[in-house]
Amino acid sequence: MIPRQYYTERDLRKRQIDALKVFNDNVTEVKEHAEYKVEFMANSRNMVLNIVLSPEFPNDKPAIFVNPVFNHPWLGENSNQVVGAPGLLNYTVHSDLGRVVQAIIREFQRSVPSIANEDKSTDTSPQSHISVNSLMFPELSELNIEELQEILENPDLQDKLLENNPQLAEIDQETEELMNSIEEIAQDNLTKQQMLDDMKSKVLEGISTIVQMKMSYEDLNKRYQELCEGYSPHRIRDCLKDAAIRADEDAEAIAEQFLLGNVSVETFVMKFAEKRALGQARRAREERLAHQLAQLDRATT
């Protein structure tokens, strides 16, 4: 599985849209990658959620609208936009769009008034007003004014009412699941961080090794170039030529010493012949090598 941090923004957006289609039925694409419609039934009514995804999604939360509009604490004031759903209030880039929409649909399926109840909504009695504004606490509609007043004045009864409310219990459960999911993601990130640090150390070690090898190569290459220059055929030819000249100069020096009477005949003959022979041998080698180099130059041009 590819770690989440290696997905592109486009990949993350597509995964969220795929999750929307997996967790919900009747999903229709209104505008590619930007707007979707989810149809569902609630108390025999045809309902529609419109999900609008901004260019910054999933970094920004989606905008969700319900039609037809009805009274519900999750809806904005005088608006059909869903703003109070826990999944939207606690939305992060790690949230699951499919589950957020699924939770909203389930809540509306439980709390949306039926068509018959909606026809009675024109009743202006206090009891009717309480019924409409008690969607999250339907049991309140069965109480009389005195009982409602007692709950209003008794914090213990209020706490009991909240504890026994299934919708709040589900919100608490969803919040706990979200916190557990965030904790798992954080633990996974810590594991990936250690792996990333280990890989970074290996890369740095590899770079250090390459730098050392490069320095060693440059030193060896420099030494190789020096040896190539010292033992090149042209260099050897020049050395032979210089050596032949020195041998001839040594022979001339011996002859001058003999003429001055500083060297005996036997010594003169032996040393003079030796230097002359050495000079001629070096000159012959130099000329032969020069001839070979000339032939090579002609062959390569």
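The values are calculated or read from the model by the stated rules, or taken from the named source; none is laboratory data. These figures come from a predicted structure and were not determined experimentally. So basically every Cβ, Gly included, is an ideal-geometry build from the backbone, and we count neighbours across all protein chains shown. Surface accessibility is based on the protein's heavy atoms, side chains included, excluding ligands, DNA and RNA. Shrake-Rupley method; radii C 1.70, N 1.55, O 1.52, S 1.80 Å.
Averaged per residue, what accessible area in Å² does the stretch 245-288 show with a 1.4 Å probe, protein chains only?
73
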Considering only protein heavy atoms, what per residue accessible area in square angstrom results for the stretch 184-225 with a 1.4 angstrom probe? 93
Let me know the Rg and Dmax you get for the stretch 158-287 when you use only its Cα atoms, in Å. 45.0, 139
Solvent-accessible area, 1.4 Å probe, carbon plus sulfur percent, for the chain: 54
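Quick one: plug the Kirkwood hydrodynamic radius of the chain (C-alpha pairs) into Stokes-Einstein at 4 °C, 1.567 mPa s, and report D in µm²/s. Walk me through the numbers on the way to the answer.
Details: Rh = 28.9 Å.
Value of D from the Cα-based Kirkwood radius: 45 µm²/s.
Find, to one decimal place in angstroms, the Kirkwood hydrodynamic radius of the stretch 1-115, where the mean of 1/r is taken over every pair of different Cα atoms and then inverted.
On the way: mean 1/r = 0.0685 Å⁻¹.
After inverting the pairwise mean of 1/r, the radius is 14.6 Å.
Compare the peptides 254-265, 30-41 by average per-residue count of other Cβ atoms within 10 angstrom and give them in order, highest first.
My ranking of the peptides, most packed first, is 30-41, 254-265.
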When ranked by the protection proxy of mean other Cβ atoms within 10 Å per residue, highest first, what sequence do the peptides 200-208, 171-179 form? 171-179, 200-208
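So what is the calculated 222 nm ellipticity per residue for the chain, using -39500 (n - 2.57) for each DSSP H run with n of 4 or more, over all residues, to the nearest 500 deg cm²/dmol?
Details: 10 runs with 192 residues, N = 301.
My calculation for the chain gives -22000 deg cm²/dmol from helical runs alone.
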Ratio Rg/Rh [Cα only; Rh per Kirkwood] for the stretch 211-293: 1.31
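Based on the Cα atoms of the stretch 49-98, what semi-axes does the equivalent ellipsoid have, where each is the square root of 5 times one gyration tensor eigenvalue, given in whole Å with the largest first?
Working: eigenvalues 81, 27, 14 Å².
Each semi-axis is the square root of five times an eigenvalue, giving 20, 12, 8 Å.
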Cα-centre dipole for the chain with unit charges at Cβ (Lys and Arg positive, Asp and Glu negative), debye to 20: 3020
Binned at 5 Å from 0, what are the whole-percent values of the Cα-Cα distance distribution for the stretch 159-203, short to long? 5, 19, 13, 13, 10, 9, 8, 7, 6, 5, 3, 2, 0
Checked against the positive end of the charge dipole of the stretch 155-234 (+1 on Cβ of Lys and Arg, -1 on Cβ of Asp and Glu, about the Cα centre), the farthest of Asn165, Met215, Gly230 is Gly230
What list of whole percents do you get for P(r) of the stretch 136-177, with Cα-Cα distances grouped in 5 Å bins up to the one holding the largest distance? 5, 22, 24, 24, 12, 8, 4, 1
